[in-house]
Amino acid sequence: MFVCFIFLLISGCSKDPIREKTVDPVSPPPGDTAKLSYKNGIFVINEGNLSWANASITYIDNKTDSVYQDIFESANSRDLGDVAQSMKVLGNKGYIIVNNSNRVEVVSLKDFKTLASITGFNSPRYLEFIDSTKAYVTNMKKNISVVDLKSMTIVKNIATPYWTENLLHYGQYMFVTCIGSFNESSANRKAQVYVIDTQSDMIIDSILMGKEPVSITVDRKNKIWVICTGGYNNYEAPTLKRIDPVLMIVDKSFTFSVQQGVPSRLCINPTADTLYYIYGGVFQMPVSAGELPAEPLIPANGHLFYGLAIHPETGQVYVSDAVNYVQSGYIFKCSQANGQVLHTYKAGRIPGSFCFTPSSQK
Amino acid sequence: MLGQSDLSQIPVSAFNEIEVLYGASGLTKTSGAFGGVVNLVTNPNWNNRIHASIAQTLASFDNYSTEAGFIAGSSSFQSNTRLNFSSARNTFPYYDDFTRETVTQHDASVLQYGITEEAFWKIKDKHLFTARVWYSYDDRDIPPVVAGSSTYYPQKMLNKTLRSILEYKLVMKTWNFSFKTAVVNQFMNYRNDSMFINNDHTYYSWFNTARFTYSRIKNLTIKPGVDYTYDYVKSDAYDGIKTRNTLGLYFEVGYKFNDHIKSQMILREDNIDGQFMPFIPSLGVEYKPFNKINLYINANAFRNYRYPSLNDLYWSVWGNPDLRPEYDNGLEGGLTYNYPSENGSFFVETAVSGYYSWMRDMIIWSPVPDNPSIWKPQNISEVNARGVEVSLNLKWKISKLHITFSNNYTFCRSTYQETTSAEDQSLGKQLIYIPENTYNGTLNLNCWNFLLGSNFTFVDKRYTSSDNQSYMPGYPLLNIIFGKEFILHKFVLSLQFKVNNLSNVDYQSVKNWPMPGRNYALTVRFEFNK
């Protein structure tokens, strides 16, 4: 007991808060911080565990393949928050959507220091820019937030009683996937794609979808593609739908076999003629294909593929492995030709999405 | 009920004794309880005539509690009534790592109350009847995680439980018999505005236990028994009403080889809804090498299983009806030594024990293969757990001064034994949030009805990642207590002042969940004895 008192006195002397620590010290940010540091690379947005508030950002340098962990925490001496959902960059700023912290963290791409925290969201999911002054942010609860990028505040809400998920900026319109009311069962959720006029911020049309439309992209022939998971608990078979944005109708639909789980993370290559998605493994499908591919480009083989992106310049496939959700995840850089793993990078907890720096987007 | 009972909801004052049965000894009460069973016991004091008490506690952060008890009876009948009420707002200040300022905890209120009535009736030291009714109410807010969010969605949990237990014991010369029947009715509401959840659960359970003990044959005790449990759950979160019938057959044999060696064997077989569960045996030996020295050596080998909870099986969307029970095979052994001085002024007891257990088919909530957006409980994990427990307890009386000193140290290494892919770095690593080292020590000094006590706890680092790359550092906690009792004839008035977390350690037990710093509690207690 006496020994304990001594120990207590020693430990009691350090008044520093007792907080989480890492075994390996976090690697310093790349290069000279006086110069633009994060100019040619990939940000990996690590979701972290829900309600653990352990989200983080990993940076991969395109040229050297060097990996820098926890760059937000290094730059700002605090955690990023609870569940980082996605990130977008515009000019020299990055916008990180922190879902369960109901915040969008605006950071400088120079040193990753936070410039502002935009608050007032309702479980935000994804952000899409309309121009250099305006962006939309989808929310799981209630509405779509219209953000003024100059004042970095929410200036307006577009009322949607439903959970909106992913966005696609197409001409003067924003196509927004909508899952349906958050508190309803799969059967009662009305899944659709809203079409919003970005000038008036009004919903001008909606297109019925399969249950849970989660991903949206556009191909070179200006056809819009949407992946619908079929709803939680496999309510219906998942589908890949093609929308004609002129007629505002679904003009093609492919149905997945339910046995393999649910498809997600629809992406397109730089030439916009090949689709990629996760369905256990990573699948590759030319937009002209008459049916869904039978064999994956990258088989899962015990990996828990969670996030997917195609490099906008090289066309290489970046897929994340969340492993078991309670340890550091991995990123595999793979060849788009044969799916071969070209490089493996360590990431943070539950790497979910990717964001490419402006220079890697040309 | 739906998996576990929350110990924070059990007012400890309502029971004389909390008996924690570790490891294999838990098999004597029920199957399916890994890590031991907590059994709440009250034993009547047949010498009592009237005992009344009332206590009021005022504590930091708007926390108040009141307890009252009335025990009355004769040598053949005793009644014990207890009431408790507590209201806590838990508005403690903490340092917010996001805003970098000290803020006050909010939405962390707890309101609890309960009433317990127990009646004991004894006929000629032969028949003992016990009846218990216990009602408890618990309404609590679940505070938000520290994550810099300015938006807060309320989360609440309401629990109302009524337990009624009837027990009969017949004690004969060479045999005895006991029968217990209990009905538990629980209502629970969980509300989470963030997830739009507002679910009611209603749960009924009927437990029956019969035990027969026969010890007519020299050195041999035979104890057969039968248990029957019926569970009924109506829940907004389940797809329809779920029931479960559990029939358990129990057989215990104790054999005393000589004055030095005793052994015990327990066999158990459960049948759940017509399906036989795996057979669970346990074998233990106790050896006392010397006649005059209180040294005991014991060893146990056991097998146990835990049947999935009704939530694991049936929770809509997330439940997994295909779950198999978890298994645990284990070995444990230990040494106990005690020395009481002849005049009773000194007592020392020390114990060392170790265990190794192999847990298989462990149920872990994890993402469904090919559908990472859905988490379900699955039989995926293999865990090996081994550990050591060391304790040292002293009682010493030096004229008017009474010293009690107890120390408890545990070492526990629980490791993942299975991985899913080459990238999974968890193999052989410590389970998350399980500390390897824990120490607890208490030193109490009593003199002329003054009490000076201290309690020290050290919880070592707990990993927050299964690859053991990040961890919550260990934290020390010191609580001290000052007390004074005034005895006036049949009345006792006692005052106690307690300081918790004396050195004001700013710690987190779970990442980003704030914990209170230094805090105080003052208790005034009034007792009457006749």
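The values are calculated or read from the model by the stated rules, or taken from the named source; none is laboratory data. All values derive from a computational prediction rather than experimental measurement. We place every Cβ from the backbone using ideal geometry, glycine too, and count neighbours over all the protein chains shown. The area values use the complete protein model at the heavy-atom level, side chains included, leaving out ligands, DNA and RNA. Shrake-Rupley method; radii C 1.70, N 1.55, O 1.52, S 1.80 Å.
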### Residue among B:Leu488, B:Leu495 that alone is open to solvent by 60 Å² or more (accessible area, probe 1.4 Å), at pLDDT 95 or above and over 30 Å from A:Ser51 (Cα atoms)
B:Leu495
### Message
Take the residues in region A:141-173 that are basic (Lys, Arg) and buried (at least 16 other Cβ atoms within 10 Å of the Cβ); name whichever of them is modelled with the highest pLDDT.
### Response
A:Lys141
### Query
Say we look at region B:400-432 and pick out the residues that are of a type in the set (Gly, Ala, Ser) and either assigned to a strand (DSSP E or B) or on the phi < 0 side of the Ramachandran plot (or both); which of these is most open to solvent (accessible area, probe 1.4 Å)?
B:Ala422
### Message
Here is a check on your reading of the model: is A:Lys156 more than 14 Å from every other protein chain (Cβ to nearest Cβ), of a type in the set (D, E, K, R) and over 27 Å from A:Arg189 (Cα atoms)?
### Response
no
### Message
Looking at B:Asp424, B:Asp460, can you tell me which residue is among the charged types (D, E, K, R) and at the interface with chain A (Cβ under 7 Å from one of its Cβ atoms)?
### Response
B:Asp424
### Message
When you scan region A:273-286, do you find a residue that is among the β-branched types (Val, Ile, Thr), outside any strand (DSSP E or B), within 13 Å of another protein chain (Cβ to nearest Cβ) and in contact with a strand residue (DSSP E or B) (Cβ under 8 Å, 6 or more places away or on another chain), even just one?
### Response
no
### Summary
All-but-one check, A:Met87 against (1) out of contact with any Asp or Glu (no Cβ under 7 Å at 6 or more places or on another chain); (2) surrounded by 21 or more Cβ atoms within 10 Å (Cβ to Cβ); (3) farther than 21 Å from A:Lys346 by Cβ, failing number (3)
### Message
Anything in region A:92-138 that is open to solvent by 10 Å² or more (accessible area, probe 1.4 Å) and of a type in the set (Gly, Ala, Ser)? List them, or say none.
### Response
A:Ser108, A:Ala116, A:Ser117, A:Gly120, A:Ser132
### Message
Filter region B:463-475 down to the residues that are of a type in the set (Phe, Trp, Tyr) and either open to solvent by 50 Å² or more (accessible area, probe 1.4 Å) or at the interface with chain A (Cβ under 8 Å from one of its Cβ atoms) (or both) and list them by number.
### Response
B:Tyr471, B:Tyr475
### Summary
Filtering region B:162-176 down to residues that are open to solvent by 50 Å² or more (accessible area, probe 1.4 Å) and among the polar types (S, T, N, Q) yields B:Asn176
### Query
Out of (1) within 16 Å of B:Tyr337 (Cα to Cα); (2) open to solvent by 50 Å² or more (accessible area, probe 1.4 Å); (3) of a type outside the set (Lys, Arg), what's the single condition that is false for B:Ser391?
(2)
### Residue in region A:249-266 that is farther than 18 Å from A:Gly230 by Cα and either within 24 Å of the chain's Cα centre (by Cα) or facing chain B (nearest Cβ under 10 Å) (or both) present
no
### In region A:326-348, residue most open to solvent (accessible area, probe 1.4 Å) [restricted to those that are assigned to a loop (DSSP other than H, G, I, E, B) and in contact with a Lys or Arg (Cβ under 8 Å, 6 or more places away or on another chain)]
A:Val326
### Task
Spot the failing condition for A:Val176; the list is (1) modelled with pLDDT under 95; (2) in contact with a strand residue (DSSP E or B) (Cβ under 9 Å, 6 or more places away or on another chain), and only one is missed.
(1)
### Task
Might you let me know whether region B:448-459 holds any residue that is farther than 30 Å from B:Leu401 by Cβ and surrounded by 15 or more Cβ atoms within 10 Å (Cβ to Cβ)?
yes
### Message
Can you tell me how many residues within region B:433-459 are farther than 14 Å from B:Gly474 by Cα and in contact (Cβ under 8 Å) with a residue 40 or more places away in the chain?
### Response
7
### Task
Name, by its number, the condition in (1) in contact with a Phe, Trp or Tyr (Cβ under 8 Å, 6 or more places away or on another chain); (2) touching a residue at least 40 places away in the same chain (Cβ under 8 Å); (3) open to solvent by 30 Å² or more (accessible area, probe 1.4 Å) that does not hold for A:Ile243.
(3)
### Query
Tell me, which residue of region B:191-205 that is in contact with a strand residue (DSSP E or B) (Cβ under 6 Å, 6 or more places away or on another chain) and within 14 Å of chain A (Cβ to nearest Cβ) is nearest to B:Arg244 (Cα to Cα)?
B:Asn199
#### Entry: Residues (outside any strand (DSSP E or B) and within 10 Å of chain A (Cβ to nearest Cβ)) located in region B:476-507
B:Leu502, B:Ser503, B:Asn504, B:Val505, B:Asp506, B:Tyr507
### Query
Within region B:375-397, is there a residue that is more than 27 Å from the chain's Cα centre (by Cα), more than 9 Å from chain A (Cβ to nearest Cβ) and under 30 Å from B:Ser345 (Cβ atoms)?
yes
#### Entry: Matching residues in region B:312-322 - criterion: being open to solvent by 40 Å² or more (accessible area, probe 1.4 Å) and touching a residue at least 60 places away in the same chain (Cβ under 8 Å)
B:Tyr314, B:Trp315, B:Ser316
### Summary
Of (1) more than 12 Å from every other protein chain (Cβ to nearest Cβ); (2) surrounded by fewer than 18 Cβ atoms within 10 Å (Cβ to Cβ), B:Pro435 satisfies every one except (2)
### Query
Do we have any residue at all in region B:206-216 that's assigned to a strand (DSSP E or B), in contact (Cβ under 8 Å) with a residue 60 or more places away in the chain and away from chain A (no Cβ under 14 Å)?
no
### Task
Of all residues in region B:378-432, count the ones that are of a type in the set (Gly, Ala, Ser), within 23 Å of A:Ile350 (Cα to Cα) and in contact (Cβ under 8 Å) with a residue 12 or more places away in the chain.
3
### Task
Search region B:184-209 for residues being under 24 Å from the mean Cα position of the chain (by Cα) and farther than 17 Å from B:Tyr137 by Cα, and hand back the single one that is most open to solvent (accessible area, probe 1.4 Å).
B:Trp206
### Query
Taking region B:145-161, which residues are away from every other protein chain (no Cβ under 14 Å) and buried (at least 16 other Cβ atoms within 10 Å of the Cβ)?
B:Lys156, B:Met157, B:Asn159, B:Thr161
### Residues being away from every other protein chain (no Cβ under 14 Å), closer than 18 Å to B:Met515 by Cβ and assigned to a strand (DSSP E or B) - total across region B:66-101
1
### Message
Just to be sure I understand, how many residues within region A:297-325 are part of a strand (DSSP E or B) and within 11 Å of another protein chain (Cβ to nearest Cβ)?
### Response
5
